[in-house]
1. Sort the following peptides by mean Cβ neighbour count (other Cβ atoms within 10 Å, averaged over residues), highest first: 97-104, 311-318, 340-347.
2. Three principal axis extents, largest first, for the C-alpha atoms of region 31-116, in Å?
3. Rounded if a/c is under 1.5, else prolate if a/b beats b/c, else oblate: with a ≥ b ≥ c from the C-alpha gyration tensor eigenvalues square-rooted, which is region 238-318?
4. Return the whole-Å distance between the Cα centroid of region 233-273 and the Cα centroid of region 167-215.
5. Within a 10 angstrom radius of the beta carbon, how do 228, 183 rank from fewest other beta carbons to most?
6. State, in angstrom, two size descriptors of region 331-425 derived from its alpha carbons: Rg to one decimal place and Dmax to the nearest whole number.
7. Please grab the % of Cα pairs in region 299-384 that end up more than 15 Å from each other.
8. Output the relative contact order of region 316-378, whole-number percent, from Cα pairs under 8 angstrom with separation of 6+ residues.
Ligand SMILES: [Ca+2]
Ligand SMILES: [Ca+2]
Ligand SMILES: [Ca+2]
């Protein structure tokens, strides 16, 4: 063999060895151009956004939520993928997975895999009018509460007594005098501790609109309902899908009748929908804000068909232009009187604030008829609304009316507070010798609530 041939063989061998070595330590050569028709993009079991993100960043680990079935957990164990099993009532897992793991798991008989996406409180505007003193709680009621015929319901001792609600939000300042007696406890899933205190303020406002006791500044729709503060949003108002799932799971374990949700995000989540369906089937009434983005569709959870989604109307019964389209019904939510986390009152707007008004009315309905299930409540609400001005068809059923809703729910008759004055009632009509003797009872009326 000539020297030239030997040198040539050595060069070829070195090049091949180098190539093999290089491909081994730099596996980027093994990644093919993603084909949208193959997994995970295009696989109906994989959330589209997650699939694309993982395809673009194949080495990144994504925090995912996987709806659990029997095979999923076994597969995770066999593949030594660390995961957290969560949810007592709604089992799911949270796992950090990269592209190839997502690709592999999406071939298995899983229900669905999605990113542990972010959810947000629904932004509300607070209108500060420092030089105007509000006619707050004129005779005990705010303008919004009068607008939905609340006073007569309270006058009939229907105040939410015995009804338990969960407020999934930024927590609650449960130490405020208006929120301390009805507080049953709660949990903080945002920071994973036992104290769901609210440093943001949104959840406190929501809780007061729903169940404010009225022994200091603010009385809510159901001042004798009891509530749990379930903190699923952090102190900046942001949360995770997994915290929301944990909050729903916690609520159903604590036997609440109503879950009030003034948060959302625009993407359909099969895991969240499964959780909502589980609660719905257990009779829990789910109430959520339509959102304030002016979209032509609802955000989620409002957008799941099991949920009572709530849009906002102003004091003239006109639907707000920013109230997302498709809400089941509406409630006052434009420049309404609210309580802040500092225990002061101000004015605010948003479907976030309309939502606890509806949750509160549902608490009144549950007091008069504890047997109502989720479907019964939706029917009763649909049959008892007041007409609204809604040229853009943003709301399906009109504005909530508390007195009509409890009558529809419980087949009760509400006593009207009597106005002062003279009332004359026919008491007896006695036929005597061809004539009729009429006896009238004359009395003074009484003031009501
Ligand atoms: Ca109190
Ligand atoms: Ca958490
Ligand atoms: Ca905390």
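None of the figures in this text is laboratory data; all of them are computed from the coordinates on show. Values in this document were obtained by computation on a predicted structure and should not be read as measured data. No Cβ is skipped: glycine too gets one built from the backbone with ideal geometry, and neighbour counts run over all protein chains shown.
1. Details: 97-104: 19.2, 311-318: 20.9, 340-347: 16.2.
Averaged packing, sorted descending, gives the order 311-318, 97-104, 340-347.
2. Sorted from largest, the Cα extents of region 31-116 read 40, 22, 21 Å.
3. On the way: a/c = 2.07, a/b = 1.50, b/c = 1.38.
Note, shape of region 238-318 comes out prolate.
4. 15 Å
5. Numbers: 228 24, 183 20.
Fewest-to-most Cβ neighbours within 10 Å comes out as 183, 228.
6. 16.4, 51
7. Working: 2241 of 3655 pairs.
Of all Cα-Cα distances in region 299-384, 61 percent exceed 15 Å.
8. Values: 42 pairs, mean separation 15.1, N = 63.
Rounded, it is 24 percent for region 316-378.
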